[in-house]
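The values are calculated or read from the model by the stated rules, or taken from the named source; none is laboratory data. All values reported here derive from a predicted model rather than from experimental measurement. Neighbour counts are summed over all protein chains in view; Cβ atoms, including those assigned to glycine, are modelled from backbone coordinates with ideal geometry. Heads up: the accessible areas ignore ligands, DNA and RNA and are worked out on the full protein's heavy atoms, side chains in. Shrake-Rupley method; radii C 1.70, N 1.55, O 1.52, S 1.80 Å.
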Amino acid sequence: MRRALLATLVVGSLLLLTGGWVGFRGWQARAHLLNAAGLARELSAQVVGGDTARAQRTLAALQEQAGSARAATGDPGWWVGRRAPFAGDNLAAVRQISVAVDDLARNAFPLLLRADLTSLVPAGGRLDVGRLRTLSAELARINATVQGARDGLAAVPGAGLVGQVRQALADLRGEIDRLAGLTAAADQASRLLPPLLGADGPRTYLVVSQNPAELRATGGMIGAYAVIRADGGRVRMGQQGTSSALGLFQPPLKVPTEVRRLWADLPGIYPADVNLTPHFPTAAALYREMFRRRTGTTVDGVLAVDPVVLSYLLKATGPVMVPGGVPLAAEKVVQTVLSDSYQRMDNDKQDAFFAASAAAVFDALVTKELDTKGLLSAFDRAVTERRILFWSARSEEQRIIGDSRVAGVLPEKDTVPTVGVFLNDGSGAKLGYYLRQTATLTVGGCRPDGRRELRLRVTLRSSAPKSGLSKSVLGLGLAGDPYTARTLVSVHSPTGGAVLTTRLDNVETAVGSGAERRRQVTTANVEVAPGESRTLEVAVLTAKTGVGSAELWLTPTAHPWTTQVVSAPSCDQ
């Protein structure tokens with residue numbers, strides 16, 4: 001009896017000592033992890049901005065904090081604690097987080113800094129494609145390390161974690177996701193840019209200007225184009241023109257069956273309608289073929305940009321002058337191109353002005369000494385917002401681009417349930433500049449069949465005046481009142497999901513329906529008068545999923561969306 005009591009006291013004392021030690025080390029690990037998380041965010045921003053000197057100092061501090069967190073969670077007491085009920089899952093998660101951050105600090109960030117992403121920026125009118133090819137293998141190793149850390153964090157089970165640990169895990173996943181996007185883009189760029197820029201022979205591309213004053217699903221009606229030629233890393237601007245000059249196509253070009261069921265033959269008839277679909281490869285291939293039929297020139301790919309991209313790039317280049325004496329500056333270019341110019345020009349002249357504006361910025365990019373930090377940040381932001389899209393006519397290159405944001409590919413498989421909200425102008429006007437958009441997506445409860453209901457709420461508000469706009473802005477006035485903006489709002493369900501109900505201002509509304517790339521589609525006509533707003537509410541189902549998160553994919557607009565995603569606990573919690 002005395003021996004049993006003694007053994008109990010000994011074991012109890014050891015557990016108390018171990019618990020106390022784990023608590024002390026946990027306090028240490030928490031402090032180090034919080035510091036490391038903040039430093040990782042700083043370092044990521046510095047790497048994107050090309051601020052190498054500051055990044056080196058931040059890296060040293062990050063390595064110290066991440067190494068301390070790893071050490072604090074790696075001793076025998078912590079190992080014992082990880083196998084205890086209740087607290088064990090939390091301790092194991094903290095250990096996995098600590099290891100992931102330390103691996104990044106030791107194995108990824110140093111290589112990323114040494115790689116010097118400024119090599120992705122042109123200098124003296126030319127990109128050093130030889131240097132890029134030298135960097136390719138190293139960037140591939142960096143990306144593999146970061147993606148491995150990302151996958152490791154994704155495997156940490158969320159069930160049973162205390163709120164503080166769950167939040168730390170969510171914050172880190174978000175940061176590593178951003179970093180993974182950067183390294184994946186750098187890896188892709190190092191492999192793709194040399195051949196794309198003519199390292200193996202000359203290339204020819206179309207640069208098309210999307211105009212969000214007249215909305216289309218990928219951003220805006222394609223109003224103008226320019227031909228660019230690349231050879232040995234040097235890029236030159238060639239012929240320019242407008243979509244209207246390409247004319248109409250009868251009989252229509254062949255359009256994918258699902259797209260045709262949604263939009264009839266319009267994408268195959270009108271160059272300005274090829275991007276009624278949000279799937280950019282379809283739009284780009286159609287526009288390329290239309291250009292070939294009219295000009296006899298076969299291009300190697302299509303690059304799309306919009307005036308908001310120009311505003312980001314102008315922050316790096318500084319103001320430029322458009323032929324005719326019109327100055328373009330970052331703060332005013334969107335208003336100048338999408339509003340002011342329509343008050344003094346007809347549509348064709350405005351499209352030409354847009355093309356000339358893009359050409360002026362392009363010329364500055366390839367000839368001026370640039371703010372590297374600003375330029376890399378501009379490209380990163382534009383790609384993140386899907387304002388720069390690229391499609392290659394060469395299948396092997398398109399496979400490398402994959403489903404990255406720059407590809408504009410509407411995926412046929414979701415990693416996280418994703419709802420698409422795509423806007424197409426139905427007014428035949430240029431009132432998109434005056435729209436303001438909000439979207440809220442709320443994740444519902446877990447259903448017995450393993451699916452979840454998502455509730456989408458989209459509000460469109462018009463800031464258009466009630467009078468004083470030019471005929472170029474008011475266009476065809478298909479909504480009746482020429483100042484009323486008619487927008488066709490297409491909601492795409494998650495892959496394998498379904499659309500349940502659609503209500504406009506709390507009243508069930510008639511909709512068009514169809515499917516595209518394994519997503520059910522519903523399209524509602526939303527007409528908004530000046531100073532008013534309309535709210536569309538759509539309930540959709542996911543495929544079978546246990547996750548409590550969801551994502552929105554939205555048409556890039558002249559003014560940014562206001563968005564919110566309200567998540568829910570995972571179904572395994």
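Annotations for the structure displayed:
- D_trans [Stokes-Einstein, Kirkwood Rh over alpha-carbon pairs] for segment 437-553, 25 °C, 0.890 mPa s, µm² s⁻¹: 157
- Residue among Leu423, Thr438, Ser404 farthest towards the positive dipole end of segment 397-440, charges placed on Cβ: Thr438
- Given +1 at the Cβ of Lys and Arg, -1 at the Cβ of Asp and Glu and no other charges, the dipole of segment 442-573 around its Cα centre is 180 debye to the nearest 20.
- Solvent-accessible area per residue for segment 345-456 (1.4 angstrom probe, square angstrom): 40
- C-alpha long axis of helix 280-295 to longest principal axis of the chain, angle in °: 30
- Looking at segment 189-338, the accessible area is 36 square angstrom per residue; that uses a 1.4 Å probe and ignores ligands, DNA and RNA.
- Within the accessible area of the chain (1.4 Å probe), percent carbon and sulfur: 54
- With all projection directions averaged, the alpha carbon convex hull of the chain covers 29.7 nm².
- Cα gyration tensor shape for segment 168-234, rounded if a/c is under 1.5, else prolate or oblate: oblate
- For segment 257-340, applying the loop criterion from DSSP together with a ceiling of 14 other beta carbons within 10 Å to the GluC sites (Glu not before Pro) yields Glu331.
- Rounded to the nearest 10 degrees, the angle from helix 52-72 to the longest Cα principal axis of the chain is 30 degrees.
- Pairs of Lys residues in the chain that lie 8 or more places apart, or on two chains, and have C-alpha atoms under 29 angstrom apart add up to 20.
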